[in-house]
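Working notes for the structure below.
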Amino acid sequence: MSLETTYPRRNTTPCRIGPLTIGSGYHVMVQSMITEETRNVDACVEQIIDLHQTGCELVRVTTPSLGEAQCLEEIRAKVTEKYQYVPLTADVHHQGTDIAVEAAKHVDEVRVNPGLFVFRKHTGREEYSPAEHEEERAAIEASFVPVVEACKKHDCAMRVGVNHGSLSERMLVTYGDTPDGMVESALEYLRICEKHGYTNINISAKASRVPVMVAANRLMVARMAEEGMHYPMHLGVTEAGDGEYARIKSTAGIATLLMEGIGDTIRVSLSEDPKNEIPVCYDILQALGLRKTKVEYIACPSCGRTKFNLPTVLHEVREATKHLVGLDIAVMGCIVNGPGEMADADYGYVGAAGGKITLYRKRDIVKNGIPQERGVDELIDLLREDGVWQDPPEGTVRKPANLQPLRMV
């Protein structure tokens, strides 16, 4: 069963971000954000280049004031001169009209935060009248329309990015600290964009708690559909932390929505070097079958039936074949479940009795009775015969592992 049959992508209006396009019909894009101060132009340039070389397709730069927005012109020029054109997003928050208008001249996307864009201090009030809602919406429109017009003029995309932790007081009073407030906050800005003929938009609804993030994105999609809007979604669990738990937490939120067809670009937000975010993004997408950036290895967890030291053999097979992007290779410990579990793999490497291994092409046995110490070389020979082998990049050396079986059966 194909991925599209299992969980089809939600149909969206394409959003063009410089040379990139996100939405249904386009791959799920990977992005991240640099951590250098924007006024430190040379450091920003180096980190942007480094991130892009790691696989980041869209790089975000914080833009807290007009001075930082003006630095974007030099950053853009230096990155292009020193390296190549890299799509950039300017991150705008408080009182952002002049900042966003300037940034739109120099970047491919401007991100605005509805909870902070027209910033009002919390007053502790307990309710807003209908007239007060309209008054504040009018103030938002007056401040926001110049940004919309600047984005239209410079062919710049916009992300309306709502954060659970930075809702305006009006939204908190009206809807509580809930996904409803996040969604309504974004919708107010989307309605203004559409009123003024601007639709090159994508949306994010982020939270540090996975259930809130998932609920907000589901509701955002449903509410947009009610209003005839179909904008792409940027997914992420914000402030996820670091280490293994942050990766699991991010995957729980992002993958859940992707499996429902929701999501067109993703960021895994780690309290680490932003380069560390990129492999996690691609691993999520590969695990879901949405993008393929490396060899897919199918391997059993090992048990008492296993005929060789499976972790060691898997490592050896991976080291020999990891450059053959696009292949699915199975390494299975025995023939009991191996052939069935690896049925979708292109090639199979299966343990057999007497310290031997059997090689499969799809479901078919190609060769059996191979001594384990010859297994990887025989696999490479098979790949050569089938015309799918390529020599690894220059300088790569395959180190043979200890292929002694756990026991002889």
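The values are calculated or read from the model by the stated rules, or taken from the named source; none is laboratory data. Because the structure is a prediction, the values reported are computed rather than measured. Glycine also receives a Cβ, built like all others from the backbone with ideal geometry; neighbour counts cover every protein chain displayed. These area figures cover heavy atoms from the full protein model, side chains too; ligands, DNA and RNA do not enter into them. Shrake-Rupley method; radii C 1.70, N 1.55, O 1.52, S 1.80 Å.
Using a 1.4 angstrom probe on heavy atoms only, work out the carbon and sulfur share of the accessible area of segment 85-204 in %. That fraction is 50 percent. Is the chain best put as rounded, prolate or oblate by its Cα gyration tensor, with a ≥ b ≥ c the root eigenvalues, rounded for a/c under 1.5, and otherwise prolate when a/b is larger than b/c, oblate when not? Here the chain falls in the prolate category. In segment 4-117 the Cα-Cα distances spread across 10 Å bins starting at 0 as 14, 43, 30, 10, 2 percent of all pairs.
Taking every protein chain into account, the 1.4 Å probe leaves Lys249 with about 40 Å² of accessible area, to the nearest ten. Segment 199-270 and segment 51-124 have their alpha-carbon centroids 21 Å apart.
For His94, the solvent-accessible surface with a 1.4 Å probe is about 90 Å², rounded to the nearest 10. Checking the cross-link filter: which lysines have an alpha carbon closer than 16 Å to that of Lys78, excluding same-chain neighbours under 8 positions apart? In chain and number order, the partners are Lys105.
In a GNM of the chain with a 10 Å cut-off on Cα contacts, which of Val268, Val336, Val376 has the highest mean-square fluctuation? Most flexible of the set in this elastic network: Val336.
Computed on the chain, with alpha-carbon pairs under 8 angstrom and 6+ residues apart, the relative contact order is 13 percent. Nonpolar atom fraction for segment 255-322, defined as the carbon and sulfur part of the 1.4 Å probe accessible area, stands at 52 percent. If you sort the three axes of the alpha carbon gyration tensor as a ≥ b ≥ c, you get a/c of 1.5 or more for segment 182-225 and a/b above b/c, which makes it prolate. Among the protein heavy atoms, those of Arg9 account for about 40 Å² of accessible surface (1.4 Å probe, every chain in place). With all protein chains in place and ligands, DNA and RNA left out, the 1.4 Å accessible area ranks Arg223, Arg384 as Arg384, Arg223, largest first. Our analysis of segment 212-365 gives Rg over Rh at 1.09, with the two radii drawn from alpha carbon positions and Rh computed by the Kirkwood formula. Counting only GluC sites (Glu not before Pro) that DSSP places in a loop and that have at most 12 other Cβ atoms within 10 Å, the longest clean stretch of the chain runs over 228-393.
Among the chymotrypsin sites (Phe, Trp or Tyr not before Pro) in segment 64-120, those located in a DSSP loop and surrounded by at most 16 other Cβ atoms within 10 Å of their own Cβ are Tyr83, Tyr85, Phe119.
Legend: translational diffusion of segment 151-243 by Stokes-Einstein, Rh = Kirkwood radius over C-alpha pairs, 4 °C, 1.567 mPa s; D = 95 µm²/s. The residues of the chain have, on average, 45 Å² of accessible surface per residue, using a 1.4 Å probe with all protein chains present.
Here is the short version for the chain: Cys15, Cys44, Cys56, Cys71, Cys193, Cys281, Cys300, Cys303, Cys334 have no other Cys C-beta closer than 4.7 Å. Straight-line cross-link reach from Lys249 at under 20 Å between alpha-carbon atoms covers these lysines, not counting any fewer than eight positions away in the same chain: Lys206, Lys275.
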